[in-house]
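> Got a structure for you, written out below as structure tokens; questions coming shortly.
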Amino acid sequence: MKLPSGKIPIDLLEEVIFKNLGARRNGVAIGPSAGIDGAVIDVGDKSLVVSTDPITGAVERIGWLAVNVNANDVATFGVEPAFFLSSIMLPRNASRKTVETISTQMSEAAENLGIAIVGGHCEVTPGLVNPIVAGCIVGITEKGKYVTAANAKAGDKLILTKSAGIEGTAILASDRENQLRKVLDSEMLQNAKEFYRQISVVKDALTAFKTGGVNAMHDPTEGGISGGIYEMAKASSLGVKFFEKKVRVQPETAKMCEFFQINPLQLISSGALLISAKPKYADEIIANLKKRRIHASLIGEFVEDQKERKIVKRTGEAKTLSKPASDHLWIALKRRPI
């Protein structure tokens, strides 16, 4: 079976990866699970939240993304990210400048979030065309004081911060600039590049968690908003109903997706945050996010029946929500640059 680009299918993850997990150890409060982007390890009266992710589809801001994307995964537990490690793999044509650029970007991003870089590895790897950075972040909290993407409850309101396709928009604006000049003027293209500044959801997640009433959070990365919602519903053994028209899509993203003929709801969306909240807290969470100048909107709700996973299209038609086969970033990147 030939695998698509991006994350491997969930069934392969469950049938192969999760059946090969080494020795059993005490202290593993949360281990590998589909839709949960980190592990929790109990150590005394503390819990360590640990997550790892590679950056593979970006070139221009790869170091910045490596820190922020991993920090996001820890923050979705309601925990402040604290320590970062990286493995930097470089193509044969890499120079000292490449190493300096990646390292400087990682340091700047980590300093902005109060994260210490505590170790890692760097090498030239045969066969690579572009650099790859795999990161790992650790956060520390009081034992048991966190949420996961798998704890949404039937009746919870589904809140989205910011907009669809944030990371994908930034990547395409940087890596496919010449193509996009056909449909975006210079100002819009520059705005799209600046979407990198929206990548962090640390403030989003910690603000929501501190407000109260949050049962689950998830940052929609590969597979976009649709993929992230599907992952939350599956991990929580619930159904879900959300409305396409309530998902914010910024003009730069919309124009790019129209040009590349891709779906903005299936475009990698680091920078957005999905929040499952008790109904009586939803308005307060949205209000507190807006006080922090974070756009937030109510886009749907979770339901009891697992078979009822639906997206209501702009036409009003309710269609079955399924896991995207591949992130639509890969479709766009496969187009030959002009």
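> Could you grab me the full set of residues in segment 1-33 that are surrounded by 11 or more Cβ atoms within 10 Å (Cβ to Cβ), among the polar types (S, T, N, Q) and assigned to a loop (DSSP other than H, G, I, E, B)?
Listed by number, the list holds a single entry, S5.
> Mind checking which residues of segment 59-81 are outside any loop (DSSP other than H, G, I, E, B) and either more than 14 Å from L113 (Cβ to Cβ) or in the same structural domain as A170 (by TED's automatic domain parsing) (or both)? So that I can check it myself, show each step before the final result.
To start, the set of residues in segment 59-81 that are outside any loop (DSSP other than H, G, I, E, B) comprises 62-75, 81.
Across segment 59-81, the qualifying residue is only I62.
> A further question on this structure: Tell me, which helices (runs of 4 or more DSSP H) lie completely within segment 82-190 with 3 or more residues that are modelled with pLDDT of 95 or more? I'd like the intermediate steps shown before the answer.
On the way: elements: 96-113, 166-175, 177-180.
Filter on segment 82-190 gives 96-113.
> Mind checking which residues of segment 156-183 are closer than 16 Å to C257 by Cβ, hydrophobic (A, V, I, L, M, F, W, C) and buried (at least 21 other Cβ atoms within 10 Å of the Cβ)?
Selection gives A164, I166, A170, I171, L172, A173, L180.
> Identify the single condition in (1) on the phi < 0 side of the Ramachandran plot; (2) buried (at least 18 other Cβ atoms within 10 Å of the Cβ) that N130 does not satisfy, given that it satisfies every other one.
With respect to (1) on the phi < 0 side of the Ramachandran plot; (2) buried (at least 18 other Cβ atoms within 10 Å of the Cβ), N130 is out only on (2).
> Any chance segment 46-53 includes a residue that's hydrophobic (A, V, I, L, M, F, W, C), under 18 Å from the mean Cα position of the chain (by Cα) and modelled with pLDDT of 95 or more? Step through it out loud before you land on a result.
To start, the set of residues in segment 46-53 that are hydrophobic (A, V, I, L, M, F, W, C) comprises 48-50.
Add one more test, that the residue is under 18 Å from the mean Cα position of the chain (by Cα), and what stays is 49-50.
After this cut, where a residue has to be modelled with pLDDT of 95 or more as well, the list is 49-50.
Yes, segment 46-53 has at least one match.
> I'd like the full set of residues that are of a type in the set (D, E, K, R) and under 14 Å from the mean Cα position of the chain (by Cα), limited to segment 58-87.
D73
> Any idea which residue in segment 299-327 is surrounded by the most Cβ atoms within 10 Å (Cβ to Cβ), counting only those that are among the aliphatic types (A, V, I, L, M) and assigned to a loop (DSSP other than H, G, I, E, B)? Give the steps one after another, and end with the answer.
Initial filter on segment 299-327 (among the aliphatic types (A, V, I, L, M)): 299, 303, 311-312, 318, 321, 325.
In the following step, the residues that additionally are assigned to a loop (DSSP other than H, G, I, E, B) were identified as 321, 325.
On the way: L321: 20, A325: 12.
So the residue we want is L321.
> Could you list, in sequence order, the residues of segment 70-102 that are touching a residue at least 60 places away in the same chain (Cβ under 8 Å) and either in contact with a Cys (Cβ under 8 Å, 6 or more places away or on another chain) or over 22 Å from K145 (Cα atoms) (or both)?
Hit for segment 70-102 is N70, nothing else.
The values are calculated or read from the model by the stated rules, or taken from the named source; none is laboratory data. Since the structure is predicted, the reported quantities are computational estimates derived from the model, not experimental observations. All Cβ positions, glycine included, derive from the backbone under ideal geometry; neighbour counts span all protein chains shown.
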